[in-house]
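What follows is one structure encoded as structure tokens, with my remarks underneath.
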Amino acid sequence: MAESAQSPLAQFEIKELMPISVGETSIAFTNSAAFMALSVLLITLFLVLGMRKSSLVPGRWQSMAEISYEFVANLLVETVGNEGRKYFPFVFSLFMFILFGNMLGMIPYSFTFTSHIIVTFTMAIVVFLGVTILGFVRHGWHFFSFFVPPGVSVVLWPLMIPIEIISYLSRPVSLGVRLFANLTAGHTMLKVFAGFVVSMGVIGGILPLAFVVALTGLELLIAFLQAYVFTILTCFYINDAIHLH
Amino acid sequence: MEAAAAKLIGAGLAAIGVIGAGVGIGNIFAAFISSVARNPAAAPHVTAMTWIGFALVEAIALYALVVALLLLFVF
């Protein structure tokens, strides 16, 4: 079998599965969209079928569904307090979508839709705009007092307020880039070392293979951790908007 | 200097930034280990924060990686 030297970045290529065009623009159904749809379908099946019996003493599947619900609910109540409960549907959807997206990407030959900056940045911008609008709706113009750090004398305000504003505006960027870079770097490393396994033959390929196994374990941890971090930072930002400081 | 050479040198320099993340992650887990060693009962409280801290510090390493990739593939 001829070895085609494929770049390790070829796995992130968007492929159109069903070309659809509206005039000049293409709104094709891509592999990214397919995996997003699959992620939503799997989440729905997981929760609906898990709660089908809804007995008081849960079986295994119901237990898993309840654990995922409680995990995010506790996260929200711990960071925001009881007022945070009304944001649970959004935060839960965010957590499950990113988690299932990351995990689906661990399947060989699949596509990780969270490894594209446009996807993660869109999610981060939605969170950022939502939280900012929430802050303005709750506090009106008083929301701008958020940029004055507590316990700072008036003399330092011209220095501190621009710094606070810049760090606030960098939130969606850091949120999006964190998820994108983690997933892209992880999958690229896996591909690179997998290439070494093939090119170093049967004997020489054992060491890279062991490394790929260890890296896959790390990537599974990172997949869960990044979904968790995105969600908990969203909860922190909601808390900032509701209780300024 | 031609642009291609400058890109490669720039990417190599940008990758030096991951040193900070290495120091940071070492700090986080050193604090975690010594706090659990002093007070094992505190482990459940500290573990969650440790992982959040790890993810935030690793993000800095990845910002450096993103700058390197930006130099190599976008410019």
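Only the coordinates and a few stated rules stand behind these numbers; no lab work does. Because the structure is predicted, anything quoted here is derived from the model rather than measured. Backbone-built Cβ (ideal geometry, glycine too); neighbour counts: all protein chains shown.
Would you be able to tell me the number of residues in the range B:15-24 that are away from every other protein chain (no Cβ under 13 Å), among the aliphatic types (A, V, I, L, M) and surrounded by 12 or more Cβ atoms within 10 Å (Cβ to Cβ)?
0
For the range B:1-11, which residues satisfy the criterion of being assigned to a helix (DSSP H, G or I) and without any contact (Cβ under 8 Å) to a residue 12 or more places away in the chain?
Hits for the range B:1-11 are B:4, B:5, B:6, B:9.
Among what's in the range A:151-210 and is in contact (Cβ under 8 Å) with a residue 24 or more places away in the chain and charged (D, E, K, R), pick the residue that is farthest from the other protein chains (Cβ to nearest Cβ).
Filtering the range A:151-210 for residues that are in contact (Cβ under 8 Å) with a residue 24 or more places away in the chain and charged (D, E, K, R), the one farthest from the other protein chains (Cβ to nearest Cβ) comes out as A:191.
Looking only at the range A:211-234, which residues are under 20 Å from residue A:120 (Cβ atoms), more than 11 Å from chain B (Cβ to nearest Cβ), of a type outside the set (Asp, Glu) and buried (at least 17 other Cβ atoms within 10 Å of the Cβ)?
Matches in the range A:211-234: A:223, A:234.
Could you check the range A:167-245 for helices (runs of 4 or more DSSP H) lying wholly inside it with 3 or more residues that are of a type in the set (A, V, I, L, M, F, W, C) and closer than 30 Å to residue A:91 by Cα? Steps first, please.
Working: elements: A:171-199, A:201-204, A:206-242.
So the answer is A:171-199, A:206-242.
Any residue that is more than 13 Å from chain A (Cβ to nearest Cβ) and part of a helix (DSSP H, G or I) - is there at least one of those in the range B:47-69?
Looking for residues that are more than 13 Å from chain A (Cβ to nearest Cβ) and part of a helix (DSSP H, G or I), one finds none in the range B:47-69, hence no.
Working only within the range A:212-226, note down all residues that are under 18 Å from residue A:68 (Cα atoms) and of a type in the set (Gly, Ala, Ser).
Answer for the range A:212-226, where residues must be under 18 Å from residue A:68 (Cα atoms) and of a type in the set (Gly, Ala, Ser): just A:223.
Has the range A:53-64 got any residue that is within 19 Å of the chain's Cα centre (by Cα), of a type outside the set (Phe, Trp, Tyr), part of a loop (DSSP other than H, G, I, E, B) and farther than 30 Å from residue B:67 by Cβ? Write out each step before concluding.
First, the residues of the range A:53-64 that are within 19 Å of the chain's Cα centre (by Cα): none.
Taking every residue of the range A:53-64 in turn, none turns out to be within 19 Å of the chain's Cα centre (by Cα), of a type outside the set (Phe, Trp, Tyr), part of a loop (DSSP other than H, G, I, E, B) and farther than 30 Å from residue B:67 by Cβ.
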